[in-house]
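The values are calculated or read from the model by the stated rules, or taken from the named source; none is laboratory data. Since the structure is predicted, the reported quantities are computational estimates derived from the model, not experimental observations. Backbone-built Cβ (ideal geometry, glycine too); neighbour counts: all protein chains shown. In case anyone asks, the SASA skips ligands and DNA or RNA and just uses the protein heavy atoms, side chains included. Shrake-Rupley method; radii C 1.70, N 1.55, O 1.52, S 1.80 Å.
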Amino acid sequence: MFDKQVAYKRNIAKHLYFAGELSCADLSTLTGKSVPLTARLLGELVNEGTVVEKGYALSTGGRRPQMYSLRPDLMYMVSVAMDQLITRIALLDMHNNYIGEVQKVELPLANNPDALQQLALHLTQFIAQAGVPTDKIIGVGIGMPGFVDVVKGVNHSFLNNGQVSLVTYLESEINLPVVIDNDSSLVALAEHKLGTAKDRQNVMVLSIGWGIGLGMVLNGALFRGHNGFAGEFSHIPIFMNNKMCSCGKSGCLETETSLVVVAERAVEGLKSGRVSMLQGLTLDDMEATSNAIMEAALKGDRFAIELFSETAYNIGRGVATLIHLLNPELIVLSGRGSVAGKLWMAPLQQAINEHCIPKIAEDTEIKISTIGYQAEIIGAAALVMEHYDTLSLGKGKTAGNHQAV
């Protein structure tokens, strides 16, 4: 009975986290529990200091309901956003505010047999220096590139640990619950729950970075496919360019659209004499180079704009395929590359106009993410809260107090 009550309270906390504020009636509907039970549990959570009353909702003609919210400093999540080159680690509160600075470390994943051990070390150091008690950290959410089996806890592309669960290894190293998922899925989770795609039913979220990730929201839920590997948009074979892709095939979308390609073309163009405010670019620091190109494009540099226009058009060719297959209501451009903002829009729309049947594409919106490069960090925190009602029950956390609800 005790564990059941704890699970109910955690379910309430989870819904409050994603919604921000809810009434008792809202929570009763979302949790599937009666209003009297929900009201009693809310009263207990208020008395414990877990939930705070936020005043009454705006009048809709009847009695205004009391609104409730989680206390922001109630608990914290460690959020880890990994890509092939850079790992970012952050501590977030219940309102997704950053506590302290985001730690950024160079952690190349390809051809790095020690990557998992290095990740564990960085996490251990970050948690030790976080400045909050460990028992107020409810878990660690990690987004990572590659073929991630969330059931077995294995990444088949990077962070090789044999067939031993990455989750089991990391939990033993840092002594906190760990949940993992593919980076593109977490970007989509963040956009769907807390970002530009909130409350939408059928959405394609493109994460523009060193590849072109895809997270799919179908019928209001994140779609991962049979084994969790759905959405490998980068590896759709579109081009007859004989260019080798990171997956080992040739002609993939990624070979003409990633920020790596933009950087390579920029360096080649400058060497051939293109006039640009860009100078001294190298491929040794891919992040700095891609950021410099985006900044130059936003300042109106013609060469930089051309680079993004060509890339956006090629992304649009892939998007046209998505529209024909899935008929989404919304396509969100998110991730690292979304910083380039409206520069993506016109050439991407041009490709859709050229390659899509107009009737199928006419009701599909395209939007730039409002959370952008922060989406994976927010998504990793949201992943912890998605699992919160079952995450650490029976793993040593004291349930029923404000630290673990």
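At q = 0.14, 0.15, 0.26 Å⁻¹ the log10 of I(q)/I(0) for the range 79-165 amounts to -0.52, -0.59, -1.38, computed by Debye summation with a single uniform scatterer per C-alpha, solvent ignored. In terms of overall dimensions, the C-alpha atoms belonging to the range 161-318 reach 52, 38, 33 Å along their principal axes, ordered largest to smallest. In the chain, a dipole from Cβ-located charges (positive for Lys and Arg, negative for Asp and Glu) runs towards its positive end, and of Asn314, Leu326, Asn242 it is Leu326 whose Cα lies farthest in that direction.
Between Gly211 and Leu259, the built amide H atoms are under 5 Å apart, and every one of these is 5 or more places off in sequence or on another chain. No solvent, one uniform scatterer per C-alpha: report log10 I(q)/I(0) for the chain via the Debye equation at q = 0.07, 0.09 1/Å, two decimals. Those come out to -0.36, -0.58, one per q. When the chain is described by a simple charge dipole with +1 on each Lys and Arg Cβ and -1 on each Asp and Glu Cβ, the residue from Leu123, Asn11, Val217 located farthest towards its positive end is Asn11.
Springs join every pair of Cα atoms under 10 Å in this Gaussian network model of the chain, and among Ser276, Ser290, Ser309 the largest mean-square fluctuation is at Ser276. Equivalent-ellipsoid semi-axes for the range 26-125 (Cα gyration tensor, √(5λ), whole Å, largest first): 42, 14, 13. Antiparallel versus total DSSP beta bridges in the chain: what percent is that, nearest 5? Of those bridges, close to 60 percent are antiparallel. Protein heavy-atom surface of the chain, 1.4 angstrom probe: 52% of the accessible area is carbon and sulfur, with nucleic acids and ligands not counted. Our summary gives the chain a relative contact order of 18 percent, counting only alpha carbon pairs under 8 angstrom and 6 or more residues apart. A simple charge model with +1 on the Cβ of Lys and Arg, -1 on the Cβ of Asp and Glu and nothing else charged puts the dipole of the chain at about 860 debye relative to its Cα centre.
Among Gly231, Gly220, Gly335, the residue with the largest mean-square fluctuation in a Gaussian network model of the chain, with springs joining Cα atoms closer than 10 Å, is Gly220. GNM on the chain, alpha-carbon springs under 10 angstrom: the most fluctuating residue among Met277, Met204, Met75 is Met277. Debye-formula intensities of the range 275-388, expressed as log10 I(q)/I(0) at q = 0.14 Å⁻¹, are -0.69 (one equal scatterer per alpha-carbon, no solvent).
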